[in-house]
Amino acid sequence: MTNQPPLEIDASPRPYQVSVLIRQVLPPLVAFAVGRGWLANDSATLVAALAAIAVPILDGQRISLRRSRALIRLGAIVPDDVAVVR
């Protein structure tokens, strides 16, 4: 067995804070671009709809990958009669 912890927890909330910041800043920026005429209203609607679809899917895939990696690390630490990493 090794002394490395099986699961790593981020000590810093910065990644979460950055994603929240982007999520909160993006709508006013899009509204500003539409108001200035840089972006058509239909284009803004399309971009918002695509983001609303893609962001949860990508975030789910990222979380799933992180959990899989944590399980692989855990499986490497426990005895083979408990878990085997293939």
- Note on the structure: Of the residues in the range 8-58, those that are closer than 30 Å to Ile77 by Cβ and at pLDDT 80 or above come to Leu58
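Here is a list: Gln24, Gln17, Gln61. Which entry is surrounded by fewer than 10 Cβ atoms within 10 Å (Cβ to Cβ), among the polar types (S, T, N, Q) and out of contact with any strand residue (DSSP E or B) (no Cβ under 6 Å at 6 or more places or on another chain)? Before you say what the answer is, go through the steps one by one.
Details: Gln17 fails: surrounded by fewer than 10 Cβ atoms within 10 Å (Cβ to Cβ); Gln61 fails: surrounded by fewer than 10 Cβ atoms within 10 Å (Cβ to Cβ).
The conditions single out Gln24.
The values are calculated or read from the model by the stated rules, or taken from the named source; none is laboratory data. Small disclaimer: the values here were computed from a predicted structure and weren't measured. Note: ideal-geometry Cβ built from the backbone for every residue, glycine included; neighbour counts use all protein chains shown.
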